[in-house]
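Report on one structure; see the data block that follows.
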Amino acid sequence: MRRSAVLLAVACATLLAPGIGAPVQRQGSRNKLLLVSFDGFRWDYEQDVDTPNLDTMALDGVKARYMTPAFVTMTSPCHFTLVTGKYIENHGVVHNMYYNTTSKVKLPYHATLGIQRWWDNGSVPIWITAQRQGLKTGSFFYPGGNVTYQGMAVTLSRKEGILHNYKDEKEWRANIDTVMTWFTKEDLDLVTLYFGEPDSTGHKFGPDSQERKEMVAQVDRTVGYIRDSIRRSGLESRLNLIIASDHGMSTVNKSASDLVEFHKFPNFTFKDIEFELLDYGPNGMLLPKEGKADKVYEALKDAHPRLHVYKKESFPKSFHYANNPRITPLLMYSDPGYVIHGRLNVQFNNGEHGFDNKAMDMQTIFRAVGPSFKRGLEVEPFESVHVYELMCKLLGIVPEANDGDLSILLPTLTPETNGPLSTPLPTRTSETNGPLSTPLPTSHSGGRPSLVTGLLAAVILLAKVA
Ligand SMILES: [Zn+2]
């Protein structure tokens, strides 16, 4: 191959590579975006608590009746879906815990937040996509924001310590103050901000507890503080605010006479198991020993009416969960209210999540306000996988390939915002978008003039070089 042809091929490959097209120019007029997540905020938590600030925000902006999370309804997987627009089998962060079925290593949630290879496994979250296109981003405690992706780190990031107190309201306000300076002094375009409540309180005391109601009131005061801070910082006319969450919460039926307890199942023995991930709410994964898969499956498939055990290849496709190399040959989930106990009963939470993402207790919230959003609009429920396309639209960046559809949330935007890209996008289904597949540029109608222009420029330039 002649040198010029090689150069041309390299130039074309570079231009065609996902997210590496001609960078979007930094624009003074670009609206900023703040995504706030309050972990484990069930969709109906506001119904038994006075929430004046959330109510005002609904009047000023957009409210979804509820938002359906991805399955599995766990913190890290669902947060990563929000920032990648992918179902969990397609982004690969399949559990809160890092695990390795060969080495048998299992790490808890907080340690897993720092495991590079757990997160950086083929998908590129919105921070990185935005930065590749010339924007500056920040992540404050947001799951997935602590590591680098394909060699790139989030511009500014804060990680919580291992013994972090997630419910200190004073610290929440200090964190919000920091985020405001990131927007005003550091000129960041996108920040994701995470709060660990009301999840922790929901787990400890249960979703129906007085403590949970008080925590929702604290969340509401914090929403008021965020909106006041946006005004005080002079950002109201150029910052869009999205408040969302990762999943809901269900009361655990701790004293039921029919607990799901592996150690009581007849015909089942842990001697047949090579690797297990149990005692984590309502989810479980098992790697049977060589030659034991059928025996273990037969012993478990009807072992308990509230336990649903599947071979990986038969796991319901509607969950978009099992088609990933990290998923073990056998996996399971239990009915709302029931957790899965393994060798011993070691789970004592009063509230839990991780259940079927269609269960009402797992539904969560989506709220938005700002210059790009309509006012006083309540929309019908939608899946959280669609938020990513909306955020890319708000930031004016080209999304990576994903499972979302911009047309779902486009009606939440004002006619001025809902402009040049208003044609519904062709979306790739998870069936075609295989696990860990190489991301391809999403084909927007008219969405990527820079690519064509760039290719033409490269051809002209290389013709001159040759
Ligand atoms: Zn969570």
Legend entry - Accessible area of the range 260-348 belonging to carbon and sulfur atoms, whole % at 1.4 Å probe: 51
Inset, instruction - State the Cα centre-to-centre distance between the range 81-101 and the range 225-259 in whole Å. - result: 21
Inset, instruction - Quick one: which residues, 5+ away or cross-chain, put their amide H under 5 Å from the amide H of LEU188? H built at 1.01 Å from N. - result: PHE183
Inset, instruction - Could you go through the range 249-264 in sequence order and give the Karplus-derived ³J(HN,Hα) for each residue, using 6.51 cos²θ - 1.76 cosθ + 1.60 with θ = phi - 60°, rounded to whole Hz, and x for Gly and Pro? - result: 7, 10, 5, 7, 7, 5, 9, 4, 7, 10, 4, 8, 10, 4, 5, 10
Legend entry - 5 angstrom amide H check on MET67, placed H, neighbours 5+ away: THR364, ILE365, PHE366
Inset, instruction - Compute the Cα gyration tensor for the range 303-363, then decide on rounded, prolate or oblate, letting a ≥ b ≥ c be the square roots of its eigenvalues: rounded whenever a/c is under 1.5, prolate when a/b is larger than b/c in the other cases, and oblate in all that remain. - result: oblate
Inset, instruction - Quick one: what are the phi-derived ³J(HN,Hα) couplings along the range 129-144, Karplus 6.51/-1.76/1.60 with θ = phi - 60°, whole Hz, x for glycine and proline? - result: 4, 5, 5, 5, 9, x, 9, 10, 9, x, 9, 10, 6, 6, x, x
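For the range 128-212, what is the accessible area per residue in Å² when the probe is 1.4 Å?
I get 39 Å² per residue for this part.
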Inset, instruction - Collect residues whose amide H, placed 1.01 Å from N in the peptide plane, falls under 5 Å from the amide H of LEU413; neighbours closer than 5 in sequence don't count. - result: LYS374
Inset, instruction - Please express the shape of the range 261-399 as an equivalent ellipsoid: the semi-axes are the square roots of 5 times the eigenvalues of the C-alpha gyration tensor, given largest first in whole angstrom. - result: 38, 18, 12
Inset, instruction - Enter the accessible area per residue of the range 260-348 (Å², integer; probe 1.4 Å; all protein chains in place). - result: 47
Legend entry - Rounded to whole Hz, the Karplus (6.51, -1.76, 1.60) HN-Hα couplings of the range 93-100, x for glycine and proline: 8, 8, 7, 5, 9, 5, 8, 9
Legend entry - Rounded, prolate or oblate (a/c below 1.5 giving rounded, otherwise prolate when a/b exceeds b/c) for the range 208-295 by Cα gyration tensor: oblate
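The values are calculated or read from the model by the stated rules, or taken from the named source; none is laboratory data. Model, not experiment: these values are computed from the prediction. Please note that ligands, DNA and RNA were not included when accessible areas were found on the heavy atoms of the full protein model with its side chains. Shrake-Rupley method; radii C 1.70, N 1.55, O 1.52, S 1.80 Å.
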